[in-house]
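One structure is given below, encoded as structure tokens.
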Amino acid sequence: MTDFTSVNNAVQQKKSGVTLVAVSKFHPYEAVMEAYSQGARIFGENRVQEMREKFPPKGERPDGMKVYLIGQLQRNKVKKAIEWADRIESVDSIPLLDKIEAECTALNTDIEILFEFNSSGEEQKSGFRSEEELLAAVDHLSDCPHIILKGIMTIGPLGGDEERNLLAFKRTKALYDDVRKTHPEAAVLSMGMSADWKTALECGSDEVRIGTAIFGERIYR
């Protein structure tokens, strides 16, 4: 049973105006449309192929529906991602940034992005490994006229307790504040998922990504 309404109400009670991305990976389009009927407008997908198979192309979706790519993006799938996603929230290197710019130039289009920061330093996670690397990518945007930086995102420590989550989220918030000194238009700080969204909101997040609490357990395949 899809339940966007109660999850969104809980998020808004904690901090009003927060964007709730309904993570629909591995759930069918029927569940997406049920959440849409309850007010969901932004959906998160991890894989380019699933996103393209599940959602209609841009311009053919229900009114207001947007799809964000939130999973790690391989460079050989950049073109397909740009064609389908309204935003790529997982840009984690300058070479990937350059590939996105090249494909946007070829397609004569722009794309919104978030830079992903590996705030916990875990080897198995993607994202820029240091503040210096991410800030260098911000500077590199001057060579990327088709890319629109909307903000920063991070994923909290895997299995992290509240103290570890707080450290990771506060570190990301400080980096976000540095980015906004030169790019005030980068107004999105995306932190928090099902297990840690309350802590993320306390640390300044204004976008959370929640899947299981909305759609139920995923059937992995």
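The values are calculated or read from the model by the stated rules, or taken from the named source; none is laboratory data. Worth saying up front: this structure is predicted, and the values here are computed from it rather than measured. Every residue, glycine among them, receives a Cβ derived from its backbone with ideal geometry; neighbour counts consider all protein chains shown. The protein model used for the area step is the full one, side chains on, heavy atoms only, and it has no ligands, DNA or RNA in it. Shrake-Rupley method; radii C 1.70, N 1.55, O 1.52, S 1.80 Å.
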When residues of the stretch 19-62 are filtered for being in a loop (DSSP other than H, G, I, E, B) and either of a type in the set (Lys, Arg) or closer than 21 Å to Thr109 by Cα (or both), how many remain? 10
Could you grab the pairs with beta carbons closer than 7 Å, sequence gap of 6+ or different chains, first residue in the stretch 67-91 and within 17 Å of Thr109 (Cα to Cα) and polar (S, T, N, Q), second one modelled with pLDDT of 95 or more and open to solvent by less than 60 Å² (accessible area, probe 1.4 Å)? none
Check the stretch 145-154 and report whether any residue there is of a type in the set (A, V, I, L, M, F, W, C), under 22 Å from Gly44 (Cα atoms), at pLDDT 95 or above and open to solvent by 40 Å² or more (accessible area, probe 1.4 Å). yes
I'd like to know if the stretch 1-16 contains one or more residues that are among the basic types (Lys, Arg), in contact with a helix residue (DSSP H, G or I) (Cβ under 8 Å, 6 or more places away or on another chain) and open to solvent by less than 40 Å² (accessible area, probe 1.4 Å). no
Residue list for the stretch 161-183, filter: open to solvent by 60 Å² or more (accessible area, probe 1.4 Å) and not charged (D, E, K, R): Leu167, Thr182
Only residues that are among the charged types (D, E, K, R), in a helix (DSSP H, G or I) and either out of contact with any Asp or Glu (no Cβ under 8 Å at 6 or more places or on another chain) or over 21 Å from Glu133 (Cβ atoms) (or both): list them for the stretch 172-190, please. Lys173, Asp177, Arg180, Lys181
Of (1) under 17 Å from the mean Cα position of the chain (by Cα); (2) at pLDDT below 95, Arg41 satisfies every one except (2)
Report the residue count in the stretch 25-52 for those that are under 20 Å from Ser90 (Cα atoms), open to solvent by 50 Å² or more (accessible area, probe 1.4 Å) and either of a type in the set (D, E, K, R) or touching a strand residue (DSSP E or B) at 6+ places or on another chain (Cβ under 7 Å) (or both). 3
Just give me the residues in the stretch 68-95 being within 21 Å of Glu132 (Cα to Cα) and surrounded by fewer than 21 Cβ atoms within 10 Å (Cβ to Cβ), in sequence order. Gln72, Ser93, Ile94, Pro95
Residue that is nearest to Ala186 (Cα to Cα) [pool: residues in the stretch 97-130 that are touching a helix residue (DSSP H, G or I) at 6+ places or on another chain (Cβ under 7 Å) and open to solvent by 50 Å² or more (accessible area, probe 1.4 Å)]: Asp110
From the options Ser142, Ser119, Ser130, residue that is of a type outside the set (Lys, Arg) and in contact with a Pro (Cβ under 9 Å, 6 or more places away or on another chain): Ser119
Do you know which residues across the stretch 9-50 are in contact (Cβ under 8 Å) with a residue 60 or more places away in the chain, among the hydroxyl-bearing types (Ser, Thr, Tyr) and over 13 Å from Phe215 (Cα atoms)? Thr19
Can you name the residue in the stretch 191-214 that is touching a Lys or Arg at 6+ places or on another chain (Cβ under 9 Å) and part of a helix (DSSP H, G or I) and, of all such residues, is modelled with the lowest pLDDT? Thr212
Flag if Ala186 is out of contact with any Gly (no Cβ under 7 Å at 6 or more places or on another chain), open to solvent by less than 20 Å² (accessible area, probe 1.4 Å) and more than 24 Å from Gln49 (Cα to Cα): no
